[in-house]
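Take a look at the structure set out below.
The values are calculated or read from the model by the stated rules, or taken from the named source; none is laboratory data. Quick caveat: nothing in here was measured; it's all calculated off a predicted structure. Every residue, glycine among them, receives a Cβ derived from its backbone with ideal geometry; neighbour counts consider all protein chains shown. Accessible surface areas use protein heavy atoms only, side chains included; no ligands, DNA or RNA. Shrake-Rupley method; radii C 1.70, N 1.55, O 1.52, S 1.80 Å.
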Amino acid sequence: MDTVFVTFIYPEALKFFEVFLSNLNNQSDKNFKLLIFNDACNEAEIGHFLKDCQYEMEIIDNNCNSLADNRMNAFKYLSKQPFNNFIFGDIDDTFAENRVEVIKEALKVHDIVFNELHLCDKDLKIIQKNMISPYLGSKLYVSLEMIKEQNLIGFSHLSISKTIIDKLSNLKCDSSVKVVDWVVMSKILKEHIAFFENRTYTNYVFHEDNLALYDGNSLENLLFSIHIKISTYLQLIELDNWYENEIRELSRIRKLIESNEDIKKRFISVYSLKKRVHYPWWAQIKNSEEMKNELCI
């Protein structure tokens, strides 16, 4: 066995666990080991769900003080394991029945693979189909340049080779980082490219605890997107001068929104509408130049 399916569980996510495991039972290729990194769940609670699983599994205690530390510890553990293929999936997601099968095939050729995403409600009814391919168009390969404005590759639909997991184990990521996948993939794509596999998909579930689908139309909630982009870019300044310039411009725009009533009203009007038609939050505010044009500043 050379493939491991990796997920992370925490107390708030136990409600998704049964559906997640059932979905993996339906994979066309069950020749994989499931590794569950457990952050503060009672093992007896987890064990209750595992009796019907049709694949090998292991639970690893991974209780950390932050999301970033949790992921970095997991990468270090995975780098020491005897697997060649590492398929990630979030505990609140479900997957196409052919995901493991198709991703294994793709990883024979590519070190980094990410698949399509469908945005679904809690009943798995599709809200927005194909979240990735419209952005890529005909492109099948993604570089750092293409994820500067968009957190395009996350643990919901990422798969990597042993070569990449070894590099991830040596990355540094500040404990305060909220959007860990964006920081991690930006650093990796500085030297590599990722392949888009459109023959399979992940169902990305919309719910109130999902940071990427942060909702609300108050000024505070709308400014959240700017705040997260700035805090993420601060971790990436070493990669490219573009990040420092964008931090400066976004910070200036944020101050204008907070201090000027007319700009504030335009911001709330424009971005309240965008939140209703664009998911997730990083598709709503792409870059500072676009914001300046939309807000007439």
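Just a few scattered comments:
- Residue pairs meeting the criteria (Cβ under 7 Å; at least 6 apart or on separate chains; first touching a residue at least 40 places away in the same chain (Cβ under 8 Å) and closer than 11 Å to ILE164 by Cα, in segment 185-208; second among the acidic types (Asp, Glu) and buried (at least 18 other Cβ atoms within 10 Å of the Cβ)): HIS192/ASP111
- For segment 155-167, the criterion of a residue being among the charged types (D, E, K, R), open to solvent by less than 10 Å² (accessible area, probe 1.4 Å) and assigned to a helix (DSSP H, G or I) is satisfied by no position.
- Elements of the type strands (runs of 3 or more DSSP E) sitting completely within segment 30-143 and holding at least 1 residues that are exposed (fewer than 15 other Cβ atoms within 10 Å of the Cβ): these cover 56-61, 126-128.
- When segment 176-209 is limited to residues that are part of a loop (DSSP other than H, G, I, E, B) and at pLDDT 95 or above, the one that is farthest from the chain's Cα centre (by Cα) turns out to be GLU191.
- Pair list, Cβ under 9 Å, 6 or more apart: segment 18-33 residue within 20 Å of LYS122 (Cα to Cα) and among the small types (Gly, Ala, Ser), other residue open to solvent by 60 Å² or more (accessible area, probe 1.4 Å) and outside any loop (DSSP other than H, G, I, E, B): SER22/ASP52
- Of all residues making up segment 85-109, the number that are out of contact with any Ser or Thr (no Cβ under 8 Å at 6 or more places or on another chain) and farther than 16 Å from PHE16 by Cβ: 3
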